[in-house]
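Participant: Structure provided below as structure tokens; questions to follow.
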Amino acid sequence: MNSGIGLIVWIIAYPFVSFFLGVLLGGYGRKLTARVQRRVGPTWIQPLFDVIKLMTKQTNISHGYMHDVAMMMLVGGTLMTMYFVPVPGFHYFSQFGDYIVVMYLLLVPPLGMALGVGQTANPNGSIGISRALQMLAGYEITLVMTFIGFAMKHGTTSMYELMKLQQAGGPATWGIFAEPLLGIAALFALQGMLNEKPFEVIIAPHEIATGPMTEMGGKYLGMMFIQHLIALPMELTIFMNLFLGGAQSWVEYVVKLFVLFTLVLVVNAVYGRFKTDGALRFFWKLPLPLAALGVVMIMANGM
Amino acid sequence: MSDIVTINDGKAIMPGANAPENREYNMFIGPNHPGIEGNFALKLSIEGDIIQKAKTEAGFLHRGFEKLMEERLFIQNIAIVCRICVPDPDPNEENYARAIEAIGGIEVPRRAQFIRVLVLELSRIASHLFTFGGHAGTIGLYTMPNWSISDRDRVLDLFEELTGGRVYHIFNMPGGVRRDLPDGFKNRVRDVMDYVESRLSEYDDLFFNNKILLNRAVGTGILPVDKAIAWGATGPNLRAAGFAHDVRKDDPYEVYEELEFDVPTAADSDAYSRLIVRRREIAESIRIVRQVLDKIPEGPVWNKQPNPLKWRVPAGDAYVRTESSKGEYAYYMVSDGGVRPYRVHVRGASVTHGVHILENMLAGARIEDASQIMFSLDACPPEVDR
């Protein structure tokens, strides 16, 4: 499905598939968290209902041109990144952009959000954005470090190539088993990238009243929800492709997505959130040195 | 699209948000904010993420309780006083009833005194469970509020069975309590106490020993003991500073003198100390409840007064105080011999903790600690508006 009509169908369908997966993952997350908290929880497709409700609301207030453009950057940046992350049966764009491109594009949504929220001039939003950008210095550097290790070991920066190499070698060559230091560091980074506790400093309702979302309502908030639902499977997929051998079938892909997300959710349910500096300090004290050590070991083993 | 209104136009929508000359900006926590404790608000002047000045704003729940009481019959006020502190209403009822009893020289049957202690301690447990949930919410640990508040519901079930009300009980009457214990109630109280006790270790695992809580609460919001005394702190907030003052021990009322219990204290006087003192108080309250169930005598529960509509309390005044979960509650009541109180003054813990001490403690604190410091002081906003 990486040429001809199949490719066109994939290009059109992929955002919807990703959104649908995001809805299921989001609903599962709310349900699982509710069960840990001894609640029943909402229905599994509650995120879809939330988006429908928000997107059908009348927009009465805009904070100006940049506020609107930012929403395009937010969702557009996420969609563009998504195409470069290979999934079973669809890896056409990954030949044009490797992991470095993905990391670069991953910065577009937060920057879009920063512009839009900055336009609202709400201090809660501005603090939230400042925290988001600070957090990049925590998990992003760790992620890049883990990737450098893999790129050095396998001699390629292509996410698709790395995935194929792991699939050919079997589970023993999966990143998480072959390079556990990098894998553990990346798990922490994933938790930060997904903005889940203990690294949920951007939203922090009790501190900054949901931060960037404070001044968003109706369709603007709906767009943020859509972006989150698309980004959720994509970010899990990036980790899966680098450390869990990707997936060769959609069944394997979905199972790995849910297992990985369960791990994230359980940690999220039983921990509070760090302060911003505490989160950064944690990343620089544990995951980043772990990743650096992993890279050193790869270098010591002659790559 | 023509309906869309563009506001702001790049300018600040919050006063002070674009004030480069002093780099300070204003932020509001409340009255509509996840981080506020009840009907209340904090106005913060901030530079960077450091709070320069904090001003509390009350009045969102103003009913004028004290003035209302002057206009109503003695018996009618029992339905008002419980609303002064929603999470822990019973100390208000008990104080109000005891003030009338002191002025009128009304004797309270011993069984009623035991039942009052039972209700007061159950209320303390319910209130502390509520506080744990609120405090955990400030650091984003939302599993804890779901656990502790659902466990609190079991205590509220007991209140519903005993008094007919889950939150407001209107149960302590001048001269005793309104109802005797229902059949089998003592066993159900024992079951709930066993359950709450069994849950404490789970709370420890999830919350009190949680690394993130320790990271955020230890050393945060320190209230030195000299300032705590000077500023009028009482209850767990004072005991967390190492000062073991408890009205139940120092000026015993009802039957507390006959019961064995310890007064938990801590030394560090930070947000964590205040929290852990409350955690230990639950264990002590369970201990008290079990003793009450063992020792409660048979007999009447209400030395009933004549027709409440014509009931005149003799002229005089009284000052009574109770150890509530929030701190010391005191009522000063004056009667001119009429059917209504001439004056009732409520000395609650929340004006002290939730206004004066909070404003002082927030100056210099970081914005992410504001909510936690406030919840660690555990104030009752309606009481500020009394």
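Since every read-out is calculated from the coordinates, none of them should be taken as a lab result. Small disclaimer: the values here were computed from a predicted structure and weren't measured. Glycine also receives a Cβ, built like all others from the backbone with ideal geometry; neighbour counts cover every protein chain displayed.
Participant: Per-residue ellipticity at 222 nm for chain A, helices alone: DSSP H runs ≥ 4 residues times -39500 (n - 2.57), over residue total, nearest 500 deg cm²/dmol?
Facilitator: Numbers: 15 runs with 213 residues, N = 303.
Per the formula, -22500 deg cm²/dmol.
Participant: Regarding chain B, what are the three Cα extents along the principal axes, ordered largest first, in Å?
Facilitator: 71, 52, 47
Participant: Once phi is turned into ³J(HN,Hα) by the Karplus curve 6.51 cos²θ - 1.76 cosθ + 1.60 with θ = phi - 60°, what whole-Hz value does each residue of the range A:156-161 show in order, with x for glycine and proline?
Facilitator: 8, 10, 7, 5, 5, 4
Participant: Turning to a different aspect of this structure: Run the dipole for chain A about the Cα centre, Lys and Arg Cβ at +1, Asp and Glu Cβ at -1, nothing else charged, and hand back the magnitude in debye, nearest 20.
Facilitator: 740 debye
Participant: Can you tell me the dipole magnitude for the range B:65-384 around its Cα centre, using point charges on the Cβ only (Lys, Arg +1; Asp, Glu -1), in Debye to the nearest 20? Walk me through the intermediate numbers first.
Facilitator: On the way: 39 positive and 47 negative charges, 117 e Å.
The calculated dipole for the range B:65-384 is roughly 560 debye.
Participant: Moving on. If you count, for every residue in A:198-207, the Cβ atoms of partner chains within 10 Å of its Cβ, what is the mean? Walk me through the intermediate numbers first.
Facilitator: On the way: counts 7, 0, 1, 2, 0, 1, 8, 8, 16, 15.
Taking the mean over all residues of the peptide, I get 6.
Participant: What list do you get for B:Thr56, B:Thr265 if you sort them by fewest beta carbons within 10 Å?
Facilitator: On the way: B:Thr56 21, B:Thr265 18.
Starting with the residue having the fewest Cβ neighbours, the order is B:Thr265, B:Thr56.
Participant: On to the next question. How do B:332-338, A:194-200 rank on mean C-beta neighbours within 10 Å, highest first? Spell out each step's value before the answer.
Facilitator: On the way: B:332-338: 16.9, A:194-200: 22.7.
Listed from highest to lowest mean packing, they are A:194-200, B:332-338.
Participant: To the nearest whole number, what is the average tally of beta carbon atoms from other chains within 10 Å of the beta carbons of peptide B:358-368?
Facilitator: On the way: counts 0, 0, 0, 0, 0, 0, 0, 0, 4, 7, 13.
The per-residue average across the peptide is 2.
Participant: Going by how many other beta carbons lie within 10 Å of each one, how would you line up B:Leu73, B:Leu223, B:Leu158, fewest first?
Facilitator: Values: B:Leu73 16, B:Leu223 26, B:Leu158 21.
Fewest to most other Cβ atoms nearby, the residues stand as B:Leu73, B:Leu158, B:Leu223.
Participant: Convex hull over the alpha-carbon atoms of the range A:188-303: what's its volume per residue in Å³? Could the numbers behind the result be given before it?
Facilitator: Numbers: hull volume 14.8 nm³, N = 116.
Dividing the Cα hull volume of the range A:188-303 by its residues yields 128 Å³.
Participant: Follow-up question, since we're still on this one. Which one, A:Gly192, A:Ile238, B:Gly221, is farthest towards the positive end of the dipole of the protein assembly as shown when Lys and Arg carry +1 and Asp and Glu -1 on their Cβ?
Facilitator: Selected residue: A:Ile238.
Participant: Calculate the tail of P(r) for chain A: the fraction of all Cα-Cα distances greater than 34 Å, expressed in %. Each step should come with its number before you reach the end.
Facilitator: Values: 8775 of 45753 pairs.
Percentage above 34 Å: 19.
Participant: OK, next. Rounded to the nearest angstrom and ordered from largest down, what semi-axes does the equivalent ellipsoid of the protein assembly as shown get from its C-alpha gyration tensor (root of 5λ)? Walk me through the numbers before you get to the answer.
Facilitator: Values: eigenvalues 623, 146, 105 Å².
Largest first, the protein assembly as shown gives 56, 27, 23 Å.
Participant: Among A:His228, A:Gly6, A:Pro212, pick out the residue whose Cα is farthest towards the positive end of the charge dipole of the protein assembly as shown, where Lys and Arg carry +1 and Asp and Glu carry -1 on C-beta, about the Cα centre.
Facilitator: Going by the Cα projections, it comes out as A:Gly6.
Participant: Quick query: amide H of B:Arg347 versus all other amide H atoms, modeled in the peptide plane; which residues come in under 5 Å with a sequence gap of 5 or more or a different chain?
Facilitator: B:Ala330, B:Tyr331, B:Tyr332
Participant: Expressed as a whole number of Å, what is the distance separating the alpha-carbon centroids of the range A:84-121 and the range A:255-303?
Facilitator: 21 Å
Participant: Please identify the cysteines of chain B that lack any partner cysteine with a Cβ under 4.7 Å from their own Cβ.
Facilitator: B:Cys82 - these cysteines have no disulfide-compatible partner (Cβ-Cβ under 4.7 Å) in chain B.
Participant: Straight-line reach from B:Lys186: which lysines fall under 20 Å, measuring Cα to Cα and dropping same-chain residues less than 8 apart?
Facilitator: B:Lys295
Participant: Let me ask something else about it. Kindly state, to the nearest 0.05, the FRET efficiency for A:Gln58 paired with B:Glu257, given R0 = 45 Å and r defined as their beta-carbon distance. Walk me through the numbers before you get to the answer.
Facilitator: Values: r = 66 Å, r/R0 = 1.46.
Taking R0 as 45 Å, the efficiency between A:Gln58 and B:Glu257 is 0.10.
Participant: Got a sec? How would A:Leu133, B:Leu44 order by Cβ neighbour count within 10 Å, fewest to most? Walk me through the numbers on the way to the answer.
Facilitator: On the way: A:Leu133 15, B:Leu44 21.
Fewest-to-most ranking of A:Leu133, B:Leu44: A:Leu133, B:Leu44.
Participant: Counting only other chains, and only Cβ atoms inside 10 Å, what mean value do you get across the residues of A:63-72? Don't jump to the answer; show the numbers that get you there.
Facilitator: Values: counts 6, 5, 2, 1, 4, 2, 0, 0, 0, 0.
Counting other chains' Cβ atoms within 10 Å and averaging over A:63-72 gives 2.
Participant: Once phi is turned into ³J(HN,Hα) by the Karplus curve 6.51 cos²θ - 1.76 cosθ + 1.60 with θ = phi - 60°, what whole-Hz value does each residue of the range A:231-239 show in order, with x for glycine and proline?
Facilitator: With the stated coefficients, the range A:231-239 comes to 5, 4, x, 5, 5, 5, 5, 4, 5 Hz.
Participant: State the answer as a single residue: which of B:Ala318, B:Leu44, A:Met152 lies farthest towards the positive end of the charge dipole of the protein assembly as shown, with beta carbon charges of +1 for Lys and Arg and -1 for Asp and Glu, about the Cα centre.
Facilitator: The residue sitting farthest along the positive end of the dipole is A:Met152.
Participant: To make sure I understand the rule: partners must be lysines, Cα under 19 Å from the Cα of B:Lys211, and not fewer than 8 residues away in the same chain. Which ones qualify?
Facilitator: Output for B:Lys211: A:Lys197, A:Lys275, A:Lys285.
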